[in-house]
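To start, I am sharing the structure in question, which I have written as structure tokens.
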């Protein structure tokens, strides 16, 4: 039931992205390659959501993962290839973790139905290891900190419609994996749960802080995705530590995924609405971006408010409810700050430089569809005063902070944050490594010369034996031998 | 003389007789030679199919000839030999078509195809051998009939490679002979039986049996390119592409892996070997080779050398599967015999096409070749992704069974080896694919204007398709996996 939400979001985001890509790439030189990888990734993504058993899921998921590489490197720039390299390395690590997990889980019964998976995980002999592998494996796709480093590089560098599906739909496949495979509601996993809650909140604030320093709208949006996925991670963590909350976790995460996919898709696609458009179009675009940003920020009467209400419903079941609730509100401030930055960056520059006209209609679907969520039954508390207040004050503070940041932008943290630190460190280590390499090469050369000398010595010795043999076989030697034999014979025979 | 007695010999003769005729044919009779080759390859396929049907229905196919007192020459067909026969027969057909196209216009084709057929005949003999002595004879025949193929070009480089090849394989032969002779001396006769036949000797000759095992495995390990006996393989890359394909996918390397599997399962028997304590060292050597081969492959700049080291690594996955005691890992190892063959032959065909048509032999020359030779590179991509283990290509099935088998047998460390192998395979194949497909290319003319000729592309695409089919249809009754399951269940039956 709640898993259907993933099908809905996948279909809507991919369809809108395809529609706008049609215009976006009308004159692009290698659009054939784009469409091939787009179609493959989409097939994989839909297949993963619809998979009836583990093996179909794994195959679809792998197709999606590998085909998305073609989307990331589509522009063929050095930055795109670097992002692609980081992406494929991380994605492959994810595949390996998942493969290990699936091998542990299903054994030879490779076509275990998806519905039986959580129970099977709960009953598996190495449950804790299995859950760890699943959390890490899907966490890479979901951009969980610190496995997120590929995301701020790969999402912005892709063509805008591809960014929309990467950040809107594909990242949700990671969430979908968590919901389908983790034993939510089947036993307590306290440690895993606490780690998830902590990692989730770290992601929420880390994404917000680093994202606020970015100078590029799409990179800021990517960091916003990391931050938002942190909220989902928190919910999953609560679900792991308290089995009773499982149902609430399922519906909250599904609702959250649906809301975030559509709103984030709308924001990414909005970055690329054309420059040459009429004033009216530009106004519609600005309004749409504003509405989507409100939703991500969690302002009252938006899909974001509905999603956060659902998350609140999860968090209150946790043992540390008041603290977590506070942190959720603080997180909402961060989300809003990022949205102010995104709007400022995207609207100030009137969107991307190189772009072609793209269709407005599919984009408006993304913008407006989430509003259906707040008229859904069960969304009544959204209209209570208490909730309006609790979603207004973080948003208001966020807007204030965001505007302040726009006046005086902080120093930029390079996209890929932790990765940058690591690669700077690696660059520092390079001379040392080079020295080591040289030393080992020298050792190999030394070994070779010694071996050659050794062989030469032995060849020479064998040569001496050869010469000895040659001498023996010459007449002189035979003659000497014959003479020797004759002398011996004479000595033996003559005395008689 | 019933059909059951004649058919195994028929399979052997279907490439031995053409070999002899080809040697007698004048060099210029290209048409006749090609027709004969194709006729022989198809005949062999038909015979194989007939035997295959019979083996499934529990018929016994056996030909026995008196040779020495107490040591007959035996050809027989059991599921395992049939797996190898089928692989060789199918890939021989593909390689023949490829070789005809590849060598068009080059000299000494009569000699080439003669030894080529002889090589396949020896492989058939190895596959169908019913005891260790017969196996040894055909194994040596294989060594000698491959040498002319390795040195075919006659350049100093290829002659050197030939020397090294002979030095390695002859040393291996000496060890294998010592092992075989000692085992005959101990046991009287060494037939290949599921579950092994040396069990009763363990009580009295424990040390001797262990020593013989290592002699046999070291002798076979030369051809299977187990570390540190792999040195000849990268050098043998100077041979023409169809020979490399044959060497790596069907004949030589596989003969070694096949032999090790035979020794473990049908000479010693897996339980006896485990009791002797020789399986663990074998597994470690195989695991070391898997990692070593991949790391070396990463360091190569020459495309065929990279593929060669990849073979070193991948063939050891077969040995690893065999050496981990358990039904599932056996399935993984045995099925990889086929899967690795399909994928690696695709890669070598594609590498041959690149060298032949675009003179691309180094990995840094592969920029943009995807656009220029789309079919070839599509096949190469399938082969490479399969080696990495991307589903649904055949390599994934292997990895899956080896992984589960390792856990089942309590050898979880092997999972780390599999993961390392996957990661390293990705590290040396994915950059090639990136360069080939995502770098700009100067295409000339239409989409297939620069593609290789039909007789080169057809086998390449054919084997690539088989690699996908073997993985995607693994659950069907006629897949290599189904056959490997049959073999494993018969071996582990009490």
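Would you confirm whether any residue within the range A:417-429 is at pLDDT 75 or above and in contact with a helix residue (DSSP H, G or I) (Cβ under 7 Å, 6 or more places away or on another chain)?
Scanning the range A:417-429 turns up at least one residue that is at pLDDT 75 or above and in contact with a helix residue (DSSP H, G or I) (Cβ under 7 Å, 6 or more places away or on another chain).
Residues are listed down the side, and each one gets a yes or a no for (1) surrounded by fewer than 22 Cβ atoms within 10 Å (Cβ to Cβ); (2) at pLDDT 85 or above:
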| position | (1), (2) |
| --- | --- |
| B:4 | yes, no |
| B:18 | no, yes |
| B:36 | yes, yes |
| B:42 | yes, yes |
| B:55 | yes, no |
| B:82 | no, yes |
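Identify the single condition in (1) farther than 27 Å from residue A:15 by Cα; (2) outside any helix (DSSP H, G or I) that residue A:301 does not satisfy, given that it satisfies every other one.
For residue A:301, the failing item is (1).
Residues B:402, B:385: which one is without any contact (Cβ under 8 Å) to a residue 60 or more places away in the chain and crowded, with 24+ Cβ neighbours inside 10 Å?
Result: B:385 is the single residue among B:402, B:385 that is without any contact (Cβ under 8 Å) to a residue 60 or more places away in the chain and crowded, with 24+ Cβ neighbours inside 10 Å.
Next question, about the same structure. Within 18 Å of residue A:330 (Cα to Cα) and assigned to a helix (DSSP H, G or I): is that true of residue A:286 in this structure?
no
Related question: Please state which one of A:265, A:288, A:270 is surrounded by fewer than 24 Cβ atoms within 10 Å (Cβ to Cβ) and farther than 27 Å from residue A:195 by Cα.
A:288
Within the range A:187-212, how many residues are under 16 Å from residue A:329 (Cβ atoms) and under 17 Å from the mean Cα position of the chain (by Cα)?
The qualifying residues number 2.
While we're looking at this one, here's another question. Being over 22 Å from residue A:59 (Cβ atoms) and assigned to a helix (DSSP H, G or I) is true for just one of A:144, A:91, A:79, A:101. Which residue is that?
Details: A:144 fails: assigned to a helix (DSSP H, G or I); A:91 fails: over 22 Å from residue A:59 (Cβ atoms); A:101 fails: over 22 Å from residue A:59 (Cβ atoms).
The conditions single out A:79.
Let me ask something else about it. If you take the residues in the range A:103-113 that are within 8 Å of chain B (Cβ to nearest Cβ) and under 23 Å from the mean Cα position of the chain (by Cα), which one is farthest from residue B:328 (Cα to Cα)?
Selected residue: A:104.
Determine whether residue A:83 is away from chain B (no Cβ under 11 Å) and closer than 16 Å to residue A:149 by Cβ.
yes
Further, regarding this structure: Would you call residue B:427 within 17 Å of residue A:93 (Cβ to Cβ) and within 12 Å of chain A (Cβ to nearest Cβ)?
Yes; evaluated as a whole, the condition is true for this residue.
Spot the failing condition for residue A:74; the list is (1) more than 14 Å from chain B (Cβ to nearest Cβ); (2) buried (at least 21 other Cβ atoms within 10 Å of the Cβ); (3) not in a helix (DSSP H, G or I), and only one is missed.
Looking at each condition in turn, residue A:74 falls short on (1).
With respect to the numbered conditions (1) buried (at least 21 other Cβ atoms within 10 Å of the Cβ); (2) within 13 Å of chain B (Cβ to nearest Cβ), which one is the sole condition not fulfilled by residue A:125?
Only one criterion in (1) buried (at least 21 other Cβ atoms within 10 Å of the Cβ); (2) within 13 Å of chain B (Cβ to nearest Cβ) is unmet by residue A:125, namely (1).
Results for (1) touching a helix residue (DSSP H, G or I) at 6+ places or on another chain (Cβ under 8 Å); (2) free of Cβ contacts under 8 Å to residues at least 60 places away in the same chain; (3) more than 29 Å from residue A:243 (Cα to Cα); (4) within 11 Å of another protein chain (Cβ to nearest Cβ), shown as yes or no for each residue.
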site: A:78; (1), (2), (3), (4): no, yes, yes, no
site: A:88; (1), (2), (3), (4): yes, yes, yes, yes
site: A:95; (1), (2), (3), (4): yes, yes, no, yes
site: A:101; (1), (2), (3), (4): yes, no, no, yes
site: A:115; (1), (2), (3), (4): no, yes, no, no
site: A:130; (1), (2), (3), (4): yes, yes, no, no
site: A:134; (1), (2), (3), (4): yes, yes, no, no
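The values are calculated or read from the model by the stated rules, or taken from the named source; none is laboratory data. Predicted model, so just to flag it, every value in this text is computed and none were measured. Counting neighbours? That spans all protein chains shown, and the Cβs are built from the backbone with ideal geometry, glycine included.
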